[in-house]
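What follows is calculated from the coordinates using simple rules that are stated; it is not laboratory data. Keep in mind that what you see is a predicted model, and the values were worked out from it rather than measured. All Cβ positions, glycine included, derive from the backbone under ideal geometry; neighbour counts span all protein chains shown.
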Amino acid sequence: MFPFFKRPPADEDPQRAADENQNRNAQLRADMLWKQGGKYLARKRLDRAVETMRQAYELEPSRLEGRLNLGAALYLTGQPGEAVTHFKYVLAFDPQNTMALLNLAACYDSLGDLEQSIATLETLVEERPQWKDAHYNLAVAYYKRELYDQAADALRAELKLNPEHDLARTLLNKIHLMLPKRQTMNDEG
């Protein structure tokens, strides 16, 4: 026979009460640090945001919003490789998280991996076709890869959603000005 017994309540087990109190304090501190890091990020005090959110991450690594903000701060401070891990973590739990997808694509672009950036943006556009700026970001990635026809299509989709998008209109005009030159060069070659 195995001796089975109930654990005494926390008030009768001083060690258990101390552990629960320590966990509660760690949660409160993590919550405060995540919030403070978010404020630093909003104020564009990026180094402070990264420092504060890293402390929060050590205490509570599973907060999705915090990981998203930490990833953004890391990207903005020129650390896209580390930021990728945080965006992938968020996407593992929320595969359609728009901000994680946009930021992950930006990180891949920054790392020089345009294929991954395009694949990520295509996923975003497929999942959220009405999301403003998604088509524009995809168009920019296509443009960088010299996929001008796909870029023009994505820009037209963006302009249908957001007719006032000046950057989309400017890039589409640039592509249209290039098209006759490209077609002429292809005809001669």
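Across every pair of different alpha-carbon atoms, what Kirkwood hydrodynamic radius in Å does region 109-181 reach?
Mean inverse Cα-Cα distance, inverted, gives 12.1 Å.
Near the amide H of Arg145, under 5 Å away, which other amide H atoms are found, from residues 5 or more places off or on another chain, if H is placed in the peptide plane?
none
How charged is the neighbourhood of Leu28? Take every other residue with its Cβ under 14 Å from the Cβ of Leu28, and add Lys/Arg as +1 and Asp/Glu as -1.
Overall, the nearby charge balance is +1.
Given that compact globular proteins tend to follow 2.2 N^0.38 Å, what is the ratio of the alpha-carbon Rg of region 20-113 to that value?
Here the Cα radius of gyration is 1.07 times the empirical estimate.
If you average the alpha carbon positions of region 16-80 and of region 143-162, how far apart do those two centres end up, in angstrom?
Between the Cα centres of region 16-80 and region 143-162 lies a distance of 37 Å.
Between Asp133 and Asn23, what FRET efficiency follows from the Cβ-Cβ distance if R0 is 45 Å, with the result rounded to 0.05?
0.65
Stretch Leu64-Lys88 to full length: gain in nm at 0.36 nm per residue minus the Cα-Cα span? Mind showing how you got there, number by number?
Values: separation 24, 0.36 × 24 = 8.64 nm, distance 1.05 nm.
Contour length minus the Cα-Cα distance gives 7.6 nm.
Between Asp47 and His176, what is the label-to-label distance in nm when each label sits 7 Å out along the Cα-to-Cβ direction?
The answer from the label model is 4.7 nm.
Kindly list the residues of region 121-137 that lie in the label zone of Leu167, defined by a backbone N under 11 Å from the point 7 Å along the Cα-to-C-beta vector.
Under 11 Å, as judged by backbone N against the label point of Leu167, lie 133-134, 136-137 of region 121-137.
Taking other Cβ within 10 Å of each residue's Cβ, how do Trp34, Trp131 sort, fewest first?
Result, fewest neighbours first: Trp131, Trp34.
With θ set to phi - 60°, apply the Karplus curve 6.51 cos²θ - 1.76 cosθ + 1.60 along region 84-89 and write out the HN-Hα couplings as whole Hz, x wherever there is a Gly or Pro.
Residue by residue, region 84-89 yields 3, 4, 6, 5, 5, 4 Hz.
Whole-Hz Karplus ³J(HN,Hα) for region 41-49, in order, using 6.51 cos²θ - 1.76 cosθ + 1.60 and θ = phi - 60°, x for Gly and Pro?
My calculation for region 41-49 gives 4, 5, 8, 6, 9, 5, 5, 5, 4 Hz in order.
Report the calculated FRET efficiency for Ser110 and Gln36 (r = Cβ-Cβ distance, R0 = 22 Å), to the nearest 0.05.
Step by step, r from the Cβ atoms, then E = 0.25.
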